[in-house]
Structures are given as C-alpha cells and as structure tokens.
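S.K.: This is the structure, below, for whatever I ask next.
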Amino acid sequence: MAVSTVRASIGATPYTVELNDNHGHHWLGDEPEDLGGANAGPAPEQQLLASLGSCTAVTLMMYAQRKQWLLTQVHVELAFNPDGKPASGSDIHRSIQLVGQLDGEQRARLLQIADACPIHKVLTGEIRIATVSAHDDPGASA
C-alpha cells in the first residue's frame, strides 16, 4: 500500500490553501470570510471532520457488505467542539444514521464498528508529527 501524501501551499491570497495528493486530487482549504479568508474551501476543522465522516461511512458500508446485511445508506453528522472549546483537548460529536433493513443487534454492532474506522483510531490514538525544514528559500529573512 502506498504512503498517503498531501501537499499544502499558500501564496498571496490570504488563507486560501491549494491542496493536492499523490492520487491526483486537487482542492482548496480556506478560512471563512469572518476570519479574513475567502471561504473558497472548507476550513481545517471541517476537513478533519470530513476525513472522519467519510472513513466512518465507508467502514460501515464495507463491513455490512461483507456480512451481507441490508444497509443501504449511512449518514454521518459531525461537529467540532459544539459546546465551545473545552479546558483541555477537543470534542467531536458524531451522529450516525443507518438506513436499511437491520435488526437491533446489527445496528449496535455497526455503531461499535464505527469506532474501528482507521481515522477514528488515528484521532483517539497516539500521534507523532515530525516537522522538518524542506528547501528553505536562502534569500528569505526570518
């Protein structure tokens, strides 16, 4: 499996970030207008929630298909710090709607499986971020 990579670049347009990945996808990130951005794309918090939401939905659908359960749709709604910034850490509230002919045991199992999606595991596990300087502009002053 290939390593996932994303490149983020910002230039003269305040807070608008061009993003691309090693699979050829291109998109924008930005801040909302009330924070000085152009609202040309989702803010970083929204992109984080989108990652968890898409991973949750795909994981549940894949699991149900393997079990041959009649799950036809998954809707995931997420909110970042919906009650305001806590004293420590951050809170993500996730609501999952399962559509299909499922019994109570299947629904309960799918909600357990939601916590096993790879992005959920990343967000609730230990994360190490190594930062290095790459090709600094020698003419720029700090």
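S.K.: Using only alpha carbons, build the gyration tensor for the chain and give me the equivalent ellipsoid semi-axes, biggest first, whole Å.
M.R.: Ellipsoid semi-axes (Å, largest first): 35, 18, 16.
S.K.: Where Lys and Arg each count +1 and Asp and Glu each count -1, what net charge lies around Asp91 among other residues with Cβ under 13 Å from its Cβ?
M.R.: Details: positive: Lys85, Arg94; negative: Glu45, Asp83.
Here the count lands on 0.
S.K.: Taking K and R as +1 and D and E as -1, what net charge do the other residues with C-beta under 12 Å from the C-beta of Ala57 add up to?
M.R.: Numbers: positive: Arg94; negative: Glu77.
After counting each charged neighbour, the total is 0.
S.K.: What does the convex hull of the alpha-carbon atoms of segment 42-88 project to on average, in nm²?
M.R.: On the way: hull surface 17.8 nm².
Average projection, Cα convex hull of segment 42-88: 4.5 nm².
Only the coordinates and a few stated rules stand behind these numbers; no lab work does. Predicted, not measured: the structure shown is a model, and the values here were computed from it. Counting neighbours? That spans all protein chains shown, and the Cβs are built from the backbone with ideal geometry, glycine included.
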